[in-house]
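Enquirer: Dumping the structure here so I can ask a few things about it.
Nothing in this text is a laboratory measurement; each read-out follows from the coordinates by a stated rule. Keep in mind it's a predicted model, so treat the numbers as computed, not measured. Heads up, the Cβs are rebuilt from the backbone with ideal geometry, glycines too, and the neighbour counts pull from every protein chain shown.
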């Protein structure tokens, strides 16, 4: 079967969907075809909540793309990109000719090379409803589940599995939870919350082997400790799906992702790459970073989708700030930009400012929660480089303000004198608004150092 379209998007996840929809909006006279090899996709960030918070796995399914948008759907696996003929060959014998091609082919969950990783009930977390349903059914039948990895997916899976009544052990190789996104004092808050809910948290620990018969029965640590476990969930990251691009001769980064410029263009001017498969560079250091977030992926997709036939939308924030948020049994943590530890490790001379208070005023208002904000500034320029916050649900949007401030290059004085709207039910008090208070704390330190 031979087809032809103007814009071909490969990948049905968040990046692919947004790229196709954006292209359709900016180029209404162009035909758009989206090809996907996972017919039943899911909301990636919602996967852990399929264990307890959602009534059934299907509640996390991706809604269909509205037919009114006029985006054609092809359910097939892309097998080869013929750049010379500007054609992509798919499973089942289909071939699609294109003018512009967007690769949004995602990533594959990493499986550590430990003995026993092929046993039954050892799971990787795929973004595929047909794979997730049997996984969660098996987890629901397990008494004791081990989660490997103390990043976002691992922490959230441990929290949800504990809510579902499972006995849970969380194993993290680094000294702290969420160590790549938060300083230790914030990671310790998550650890305490999980442990208070019955999760056994092992940091600085490494799995040496998985043992059992047909299914996993025990976990052996490098320390020599062995404990029983009916299931193991791997939550230790993913690797970019770059095989299709590599076989087509596109340039890859040193980390194995598809190399792109600020407008998501690959080494072929008619091929773009977005999402987990595309290279990411840190906003401040410009070094490659393994950031795989739907929010980042969709931002890239909007850049690519709007600029397929010429640069219409100028991208001023050219690299990745890595804005994260999570919620663990009501404790919200969020971060954007560099942590204090990362900034110091990279050699930046910095000063930090902190603020603690309540997210409503007065603090005795019903539902008020404690908030802690930490901001990281350049010591010499006063430029905001990052922030971290913990508290209640208001932190989810508070970190977006911090993210905007990082991306737009706001200074400590600009943030200290920021004018904000406040209300007793909605925000912290104007006398102690977290952003202005933390900025003032940093400003005082800078003045004392002069």
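Enquirer: Determine which residues of the range 10-50 fall in the zone a paramagnetic label at residue 58 would reach in this model, i.e. backbone nitrogen under 11 Å from the point 7 Å along Cα→Cβ.
Expert: none
Enquirer: Same structure again: Residue 400 to residue 72: extension gain in nm, 0.36 nm per residue of separation minus the Cα-Cα distance?
Expert: 114.7 nm
Enquirer: Where the centre of each part is set by its Cα atoms, how far does the range 365-427 sit from the range 107-141, in angstrom?
Expert: That distance is 38 Å.
Enquirer: Also, quick follow-up: Applying a 10 Å radius around every beta-carbon, put 237-243, 417-423 in order of their mean neighbour count, most first.
Expert: Ranking, from highest mean packing down: 237-243, 417-423.
Enquirer: If you don't mind, there's one more thing I want to ask. Take every DSSP beta bridge whose two residues both sit in the chain, then give the antiparallel share in percent to the nearest 5.
Expert: Numbers: 49 of 86 bridges.
About 55 percent, rounded to the nearest 5.
Enquirer: Taking a ≥ b ≥ c as the square roots of the Cα gyration tensor eigenvalues, with a/c under 1.5 meaning rounded and otherwise prolate when a/b beats b/c, else oblate, which class fits the chain?
Expert: The shape class here is oblate.
Enquirer: Okay, moving on. Considering only DSSP beta bridges whose two residues both sit in the range 122-236, what percent are antiparallel, to the nearest 5?
Expert: Numbers: 8 of 24 bridges.
The answer is about 35 percent antiparallel.
Enquirer: Taking a spot 7 Å from the Cα of residue 141 along the direction of its beta carbon, which residues of the range 217-249 have an amide N less than 16 Å from it?
Expert: Taking a point 7 Å out along Cα→Cβ of residue 141, the residues of the range 217-249 whose backbone N falls under 16 Å are 217, 230-232.
Enquirer: Something else now. If a/c stays under 1.5 just call it rounded; otherwise compare a/b with b/c (prolate if a/b is bigger, oblate if not). Do that for the range 196-238, with a ≥ b ≥ c from the square roots of the Cα gyration tensor eigenvalues.
Expert: It is rounded, given that a/c, with a ≥ b ≥ c, falls under 1.5.
Enquirer: Next up: Report the gain in length on full extension from residue 414 to residue 247: 0.36 nm times residue separation, minus Cα-Cα distance, nm rounded to one decimal.
Expert: 55.2 nm
Enquirer: Right, next: Once you put a point 7 Å from the Cα of residue 184 and another 7 Å from the Cα of residue 225, both along the Cβ direction, what distance in nm separates them?
Expert: 1.9 nm
Enquirer: I would also like to ask the following. On alpha-carbon atoms, Rg over Rh for the range 1-79 using Kirkwood Rh? Mind dumping the intermediate values first?
Expert: On the way: Rg = 14.3 Å, Rh = 13.7 Å.
Using Cα coordinates only, the ratio equals 1.04.
Enquirer: How much length is gained if the chain between residue 381 and residue 426 is pulled fully straight, taking 0.36 nm per residue apart and subtracting their Cα-Cα distance, in nm to one decimal?
Expert: 12.9 nm is the gain from fully extending residue 381 to residue 426.
Enquirer: Ranked highest first by the average count of other Cβ atoms within 10 Å around their residues, in what order do 68-77, 336-345 fall?
Expert: Answer by packing, highest mean first, reads 336-345, 68-77.
Enquirer: Still on this structure: Considering only C-alpha atoms, what is the centroid distance from the range 1-64 to the range 142-169, in Å?
Expert: Between the Cα centres of the range 1-64 and the range 142-169 lies a distance of 28 Å.
Enquirer: Classify the range 301-357 as rounded, prolate or oblate from the Cα gyration tensor: take a ≥ b ≥ c as the square roots of its eigenvalues, call it rounded if a/c is under 1.5, otherwise prolate when a/b beats b/c and oblate if not.
Expert: On the way: a/c = 3.23, a/b = 1.64, b/c = 1.97.
Because a/c hits 1.5 or more and a/b fails to exceed b/c, the range 301-357 counts as oblate.
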